[in-house]
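The values are calculated or read from the model by the stated rules, or taken from the named source; none is laboratory data. Computed from a predicted model, the values in this text were never measured in an experiment. Reconstructed Cβ throughout: ideal geometry from the backbone, glycine too, with neighbour counts over all protein chains shown.
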Amino acid sequence: MTANDCQAALAAERAKWGDRLLILGHHYQDSSVVALCDAVGDSLELSRIAAQSTAERIVFCGVRFMAETADILARGPMGGDNGRTVWLPAPKAGCPMADMATAEALEAAWARLIAADPKAAWVPVVYVNSSAEVKAFCGRHGGMACTSGNATKVLGHLFAAKRKVFFAPDQHLCANTAHLLGLPADAVALWRRALDNGGLDATRIRAAKAVAWDGCCPIHAGYTPGDVATARTRHPGAELLIHPEAPVKVAALAEAVGSTKAIIEAVSRAEPGTHLLIGTEEHLVRRLAAAHPDLDIHPLRPIICQDMGRTTPEALLRVLQAWPDDTLVRVPDALLPDAHACVQRMLALA
Ligand code: 13P
Ligand code: SF4
């Protein structure tokens, strides 16, 4: 099928549904997919849109944890069949960072942390880049989700309330957020999955304000100070905007650290002629460069999230034409009360 035939078939299928269908896309999708979406956003914006939508079917051009979050919000804490369904055109589109934390492992670590510092007001916080099981773990223990777009608000609120945070799965988002909130580097202790008791003794746990799981995003965590030096040599005078999933030692070299949305807004505000290096996923950086020909925009180092790249117009057409079972995303009802509480507490706060 040619690209034109695919576009025509998609338009015909889309027209049959009207408002009963909502096609959502994350900013890291390829431009050929973004052009087909009803709304494009970062994880936080897409969660809000999913929460407010009354569409019967949500098709999520993104990765599995995003579609699961949409299902959690679309079906609510009671679950069951309320006539609303969520679909993921690329069923294998996962997230390696989300896979780095299981609910079982987090439960075991949570018990050890409480035993090490039983007087602390512990609370779990999970990055929305996590499985539904992990969100249920978090909700069950009174915690909430966060995204890169509201992590400062969520952690700032909890620290102000003298809560002690167990953060998973992204160590770098936790460390960068603590830094942005003015905490010293040793305020965050790193829980290393491969070591007994996370490699932390009770004294270190008691001294910390937060304990971070040692997960990371392979895309953003791969940036190095050497990448910054190389890019600055190639583009002298350029300002670096970087996503908080990057390591602190790299983020510290940037002019600004911000979520996907914050990066997009900073680009929109930039004066014509500004030179920018952007440390996030390449699909978005290339699209920003094309949309702002008056700016000089380059990726810090070109890198694509292969899971985000799995969604294609052809995969989207397959869903709209056949609604195959393997593309339906349905969080088990047993997880919904706790997983919903976890996400809803975030939306209510930030
Ligand atoms: P945000 O959309 O929250 O910036 O997350 C980035 C990301 O890695 C999504 O997978
Ligand atoms: Fe996961 Fe990173 Fe890809 Fe986002 S960019 S889906 S965090 S691997």
Please enumerate the residues belonging to the range 217-230 that are surrounded by fewer than 24 Cβ atoms within 10 Å (Cβ to Cβ) and either touching a strand residue (DSSP E or B) at 6+ places or on another chain (Cβ under 6 Å) or among the polar types (S, T, N, Q) (or both). T224, T230
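Being part of a loop (DSSP other than H, G, I, E, B), within 20 Å of the chain's Cα centre (by Cα) and not hydrophobic (A, V, I, L, M, F, W, C) is the filter here, so list the residues in the range 109-135 that pass it.
Going residue by residue through the range 109-135, those that are part of a loop (DSSP other than H, G, I, E, B) are 117-121, 128-131.
When the remaining residues are screened for being within 20 Å of the chain's Cα centre (by Cα), the result is 128-131.
Within the range 109-135, N129, S130, S131 meet the criteria.
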Just checking, which of P89, P77 is modelled with pLDDT of 95 or more, more than 15 Å from ligand 1 (Cβ to nearest atom), crowded, with 21+ Cβ neighbours inside 10 Å and not aliphatic (A, V, I, L, M)? P89
If the requirement is being buried (at least 18 other Cβ atoms within 10 Å of the Cβ), touching a helix residue (DSSP H, G or I) at 6+ places or on another chain (Cβ under 9 Å) and either more than 22 Å from H179 (Cα to Cα) or of a type in the set (S, T, Y) (or both), which of these qualifies: I297, I304, I278? I297
Return the total of residues in the range 190-200 being under 13 Å from A116 (Cα atoms) and without any contact (Cβ under 8 Å) to a residue 24 or more places away in the chain. 1
Taking the range 1-24, which residues are within 15 Å of T311 (Cα to Cα) and either free of Cβ contacts under 8 Å to residues at least 40 places away in the same chain or among the β-branched types (V, I, T) (or both)? I23
Of the conditions (1) within 27 Å of R345 (Cβ to Cβ); (2) away from ligand 1 (no atom under 16 Å from the Cβ); (3) surrounded by 14 or more Cβ atoms within 10 Å (Cβ to Cβ), E45 fails just one. Which one is it? (2)
So M66 clears everything in (1) within 16 Å of ligand 1 (Cβ to nearest atom); (2) more than 27 Å from A290 (Cβ to Cβ); (3) crowded, with 24+ Cβ neighbours inside 10 Å except one condition, right? Which one? (2)
Quick one: is L317 aliphatic (A, V, I, L, M) and not in a loop (DSSP other than H, G, I, E, B)? yes
